[in-house]
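Peer 1: Sharing a structure below in structure tokens format, with a few things to ask.
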Amino acid sequence: MVAMANALMQAEGYRSERIGKTLKDARLAAANTALVELQCDVALSLAPFFYATGRNHDYLTLAEEQLANCADLLPTAYLSGLWATKGIAHFNRGEQPQAAEALRNALDLIDRVDPSRRISFAGADQRVSTQDYLSGSLIILGFIDAAVEENERLVRNVDQFDKPFDLAWRLLVQCDLCALVGQYEELLENATKIVEICERHGYTARRSSAIRWRGHARSHLGELDAGIDDARESMVLWRGQGVVFHTPEKACELCGLLLRAGRIEDASQMLDDVDTLVFDTDEASYLAECIRLRGQIAAGRDDLMGAAHLFETAIATARRQQARLFELRAATQLAPVLARQGRVHEAATRLQAVVHTFNTRYPIVDLIAAQRALDALSR
């Protein structure tokens with residue numbers, strides 16, 4: 001039953017009715033045995049279903065119970081899986097320091113496991129999914145060089161990943177980093193490869209993510225309308241599965257492109273839809289970004305006081321979550337609003353303070369945008 005659930009995740013996404021029934025049956029069967037490995041296997045398979053329904057805290061309770069009661073009885077691969085799924089739940093809740101710690105624990109354990117003994121998580125090799133989320137968490141935390149190192153670590157192990165689903169997921173990690181440093185031609189190439197793999201094998205969830213990155217690349221290569229179309233298709237595919245996790249992230253991508261096109265009302269409606277979707281869940285990984293985009297909408301309507309308040313709220317949210325990348329973005333957009341209010345020195349001082357918290361050798365697009373804002377303030 002667990003193997004069937006993993007196969008269904010590849011083909012149908014993480015919240016299909018068949019997955020729910022299969023996992024419910026598997027959990028009942030495991031509960032009636034003394035086999036801790038089987039119980040853990042079911043718990044790991046339940047993780048994506050919990051994420052998809054926005055019940056990350058509930059999953060943390062389940063994972064921590066398994067770690068407390070069974071850690072000494074489980075094979076290393078399963079123990080690593082519990083730490084990884086725990087880390088992803090923290091990631092979804094916007095608890096990035098806890099996410100990074102748990103995911104590092106998971107990878108340290110994976111290093112002790114022969115590749116032939118590793119387990120599948122959400123349909124993929126456990127190393128791929130774990131390093132993907134660790135890289136994403138480190139990026140949000142602002143540890144860019146460490147994120148790049150994790151990506152390189154994954155690439156070094158690429159020969160171990162001969163399954164197309166693993167390859168597609170590994171290429172998605174590359175997409176994150178290409179977008180971060182503005183390598184849009186390479187981003188488009190990788191996204192196109194993922195789309196081809198997914199269309200060939202029917203991977204709906206991965207196809208949605210690939211189309212999102214294809215749109216991001218196109219928008220920066222002079223095809224803004226095509227980029228918007230891709231981002232919208234990505235959202236339709238993803239939300240068609242009824243999942244909560246990653247929905248705000250995909251919505252923020254589309255909103256950003258709509259705002260670049262001057263389509264303020266469309267962007268505002270998109271954020272309203274996302275608020276409705278996640279209101280009763282604990283999905284908070286992109287909360288600061290959603291607030292920042294509302295600030296950008298207010299600024300576009302010449303509501304400077306409203307924009308400043310929203311950017312300040314986004315900064316406070318990012319600081320609470322230790323999401324330095326999101327703090328940088330909000331501070332960069334707050335600066336010109338403060339300048340328009342005659343607070344040029346304050347704007348420059350505050351933005352410079354955030355910029356100085358980054359120590360990276362990579363020219364990430366967000367730092368370049370911040371420096372341009374500082375240059376404009378100095379003029």
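Peer 1: Is it fair to say R239 is within 18 Å of the chain's Cα centre (by Cα), open to solvent by 20 Å² or more (accessible area, probe 1.4 Å) and of a type outside the set (A, V, I, L, M, F, W, C)?
Peer 2: On the way: within 18 Å of the chain's Cα centre (by Cα): yes; open to solvent by 20 Å² or more (accessible area, probe 1.4 Å): yes; of a type outside the set (A, V, I, L, M, F, W, C): yes.
Yes, satisfied.
Peer 1: I've got another one for you. Taking only pairs six or more apart or across chains, which ones have beta-carbon atoms under 6 Å, a first residue in region 346-358 that is within 25 Å of D145 (Cα to Cα), and a second residue that is among the β-branched types (V, I, T) and assigned to a helix (DSSP H, G or I)?
Peer 2: Correct list of pairs: empty, since none qualify.
Peer 1: Hey, does region 27-50 have a residue that's modelled with pLDDT under 85, open to solvent by 40 Å² or more (accessible area, probe 1.4 Å) and closer than 25 Å to I140 by Cα?
Peer 2: Yes, some residue in region 27-50 is modelled with pLDDT under 85, open to solvent by 40 Å² or more (accessible area, probe 1.4 Å) and closer than 25 Å to I140 by Cα.
Peer 1: Which of (1) in a helix (DSSP H, G or I); (2) under 30 Å from E149 (Cβ atoms) does Y362 not meet, given it meets every other one?
Peer 2: (1)
Peer 1: Just need a number here: residues in region 283-315 that are surrounded by 19 or more Cβ atoms within 10 Å (Cβ to Cβ) and either polar (S, T, N, Q) or assigned to a helix (DSSP H, G or I) (or both).
Peer 2: Residues flagged as surrounded by 19 or more Cβ atoms within 10 Å (Cβ to Cβ) and either polar (S, T, N, Q) or assigned to a helix (DSSP H, G or I) (or both) within region 283-315 amount to 20.
Peer 1: Looking for something part of a helix (DSSP H, G or I) and of a type in the set (D, E) - is there at least one such residue anywhere in region 214-223?
Peer 2: No, because not a single residue in region 214-223 is part of a helix (DSSP H, G or I) and of a type in the set (D, E).
Peer 1: Exactly one condition in (1) closer than 30 Å to A370 by Cα; (2) within 18 Å of the chain's Cα centre (by Cα); (3) surrounded by 20 or more Cβ atoms within 10 Å (Cβ to Cβ) is false for D176; which is it?
Peer 2: It fails just one condition, (3).
Peer 1: If you take the residues in region 104-114 that are touching a Phe, Trp or Tyr at 6+ places or on another chain (Cβ under 7 Å) and within 25 Å of E283 (Cβ to Cβ), which one is surrounded by the fewest Cβ atoms within 10 Å (Cβ to Cβ)?
Peer 2: First pass over region 104-114, keeping only residues touching a Phe, Trp or Tyr at 6+ places or on another chain (Cβ under 7 Å): 105-106, 109.
Subsequent filtering for residues that are within 25 Å of E283 (Cβ to Cβ) retains 105-106.
On the way: N105: 18, A106: 27.
Ranking the candidates gives N105 first.
Peer 1: Among the residues of region 316-326 satisfying the criterion of being surrounded by fewer than 24 Cβ atoms within 10 Å (Cβ to Cβ) and under 12 Å from I291 (Cβ atoms), which is nearest to the chain's Cα centre (by Cα)?
Peer 2: Among those residues, the one meeting the criterion is Q321.
Peer 1: What residue, of E196, E150, E101, is under 28 Å from D280 (Cα atoms) and among the acidic types (D, E)? Talk me through it step by step, then tell me what you get.
Peer 2: Working: E196 fails: under 28 Å from D280 (Cα atoms); E150 fails: under 28 Å from D280 (Cα atoms).
Going through E196, E150, E101 in turn, the sole match is E101.
Each row is one residue, and each column tells you yes or no for (1) open to solvent by 10 Å² or more (accessible area, probe 1.4 Å); (2) in contact (Cβ under 8 Å) with a residue 24 or more places away in the chain; (3) under 24 Å from L60 (Cβ atoms).
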{"residue": "F91", "(1), (2), (3)": "yes, yes, yes"}
{"residue": "S116", "(1), (2), (3)": "yes, no, no"}
{"residue": "L138", "(1), (2), (3)": "no, yes, yes"}
{"residue": "A147", "(1), (2), (3)": "no, yes, yes"}
{"residue": "E152", "(1), (2), (3)": "yes, no, no"}
{"residue": "V155", "(1), (2), (3)": "yes, no, no"}
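Peer 1: Further question: Does L188 qualify as being in contact (Cβ under 8 Å) with a residue 12 or more places away in the chain, under 25 Å from R324 (Cα atoms) and surrounded by fewer than 24 Cβ atoms within 10 Å (Cβ to Cβ)?
Peer 2: Values: in contact (Cβ under 8 Å) with a residue 12 or more places away in the chain: yes; under 25 Å from R324 (Cα atoms): no; surrounded by fewer than 24 Cβ atoms within 10 Å (Cβ to Cβ): yes.
When the stated conditions are applied, L188 does not pass them.
Peer 1: Kindly indicate the residue of region 250-266 that is open to solvent by 30 Å² or more (accessible area, probe 1.4 Å) and in a helix (DSSP H, G or I) and also farthest from F279 (Cα to Cα) among those meeting that condition. Walk me through it before giving the result.
Peer 2: If we filter region 250-266 for residues that are open to solvent by 30 Å² or more (accessible area, probe 1.4 Å), which is where we start, we get 260-266.
After this cut, where a residue has to be in a helix (DSSP H, G or I) as well, the list is 260, 264-266.
Values: R260: 27, I264: 22, E265: 21, D266: 20 Å.
Ranking the qualifying residues of region 250-266, first place goes to R260.
Peer 1: A124: free of Cβ contacts under 8 Å to residues at least 60 places away in the same chain, small (G, A, S) and either surrounded by fewer than 19 Cβ atoms within 10 Å (Cβ to Cβ) or touching a Cys at 6+ places or on another chain (Cβ under 9 Å) (or both), yes or no?
Peer 2: Details: free of Cβ contacts under 8 Å to residues at least 60 places away in the same chain: yes; small (G, A, S): yes; either surrounded by fewer than 19 Cβ atoms within 10 Å (Cβ to Cβ) or touching a Cys at 6+ places or on another chain (Cβ under 9 Å) (or both): no.
Taking the combined requirement at face value, the residue does not satisfy it.
Peer 1: Considering only region 143-161, state which residues are among the β-branched types (V, I, T) and at pLDDT 85 or above. Break it down stepwise before answering.
Peer 2: Step one: list which residues in region 143-161 are among the β-branched types (V, I, T), which gives 144, 148, 155, 158.
Across region 143-161, the qualifying residues are I144, V148.
Residues checked against (1) touching a residue at least 40 places away in the same chain (Cβ under 8 Å); (2) closer than 24 Å to S137 by Cβ:
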{"residue": "R301", "(1), (2)": "no, no"}
{"residue": "H309", "(1), (2)": "no, no"}
{"residue": "R319", "(1), (2)": "no, yes"}
{"residue": "A335", "(1), (2)": "yes, no"}
{"residue": "L367", "(1), (2)": "no, yes"}
{"residue": "L377", "(1), (2)": "yes, no"}
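Peer 1: Report yes if some residue within region 61-76 is in a loop (DSSP other than H, G, I, E, B), more than 30 Å from R156 (Cα to Cα) and not β-branched (V, I, T); otherwise report no.
Peer 2: no
Peer 1: Right, another one. Quick one: is T276 modelled with pLDDT under 95, under 30 Å from D58 (Cβ atoms) and open to solvent by 40 Å² or more (accessible area, probe 1.4 Å)?
Peer 2: On the way: modelled with pLDDT under 95: yes; under 30 Å from D58 (Cβ atoms): yes; open to solvent by 40 Å² or more (accessible area, probe 1.4 Å): yes.
When the stated conditions are applied, T276 passes them.
The values are calculated or read from the model by the stated rules, or taken from the named source; none is laboratory data. The shown structure was predicted, so the numbers you read here are calculated from the model rather than taken from an experiment. Cβ coordinates were reconstructed from backbone atoms using ideal geometry, including for glycine residues, and neighbour counts include every protein chain displayed. When the accessible area is computed, the model is the full protein with side chains, heavy atoms only, and any ligands, DNA or RNA have been set aside. Shrake-Rupley method; radii C 1.70, N 1.55, O 1.52, S 1.80 Å.
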